[in-house]
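A.B. asks: Take this structure, written in structure tokens, and hold onto it; I'll ask about it next.
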Amino acid sequence: MSSQSNQSLEVKEVTLFDRIFRDSEGNIVVAQPPNLPVLVGVAAAILQSLLPSGQLQRAAELFAFGALFTWAWQELFDGVNYFRRALGLIGLAALMTLGLNSLSM
């Protein structure tokens with residue numbers, strides 16, 4: 001009886017594709033609805049581009065940077081798969097590059 005139950009339980013081999021693109025439930029996840037840091041970051045970036053130069057524009061720029069940095073950090077360490085984590089790493093590197101470029105201006 002136990003040999004029959006062992007035969008019915010198949011262990012599926014986890015492939016590299018599965019590790020990169022699937023979440024813990026087996027769903028392929030490449031894009032997902034935006035979370036709060038992305039929405040706030042994009043809204044602040046749009047606001048920053050519409051404002052004239054000054055303290056308010058700088059505050060919106062810093063707010064956008066902080067929100068997008070938070071999103072990238074969350075994706076890097078809590079992403080549902082390796083693709084989402086890589087996306088967070090790329091976003092974090094891009095934000096650091098843009099941040100360093102704006103400091104040198």
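A.B. asks: So, R0 is 25 Å and r is the distance between the beta-carbons of Ile90 and Leu56; what FRET efficiency does that work out to, to 0.05? If you can, show how the numbers build up before the last one.
C.D. replies: On the way: r = 30 Å, r/R0 = 1.19.
That gives a FRET efficiency of 0.25.
A.B. asks: Calculate the translational D of the chain in whole µm² s⁻¹ from Stokes-Einstein, where the hydrodynamic radius comes from the Kirkwood formula applied to all Cα pairs, the temperature is 25 °C and the viscosity 0.890 mPa s. If you can, show how the numbers build up before the last one.
C.D. replies: On the way: Rh = 16.3 Å.
Estimated via Stokes-Einstein, D reaches 150 µm²/s.
A.B. asks: Name the residue from Leu95, Trp71, Ile28 whose Cα lies farthest towards the positive end of the charge dipole of the chain, charges +1 on Cβ of Lys and Arg and -1 on Cβ of Asp and Glu.
C.D. replies: Farthest towards the positive end: Leu95.
A.B. asks: Just want to confirm a number: the relative contact order over the chain, from Cα pairs under 8 angstrom separated by 6+ residues, in percent. Present the calculation step by step, with values, prior to reporting the outcome.
C.D. replies: Values: 88 pairs, mean separation 25.2, N = 105.
Averaging sequence separation for qualifying contacts and normalising by length gives 24 percent for the chain.
Any read-out appearing in this document is the output of simple, stated calculations on the displayed coordinates, not a laboratory observation. Computed from a predicted structure; not experimentally measured. Heads up, the Cβs are rebuilt from the backbone with ideal geometry, glycines too, and the neighbour counts pull from every protein chain shown.
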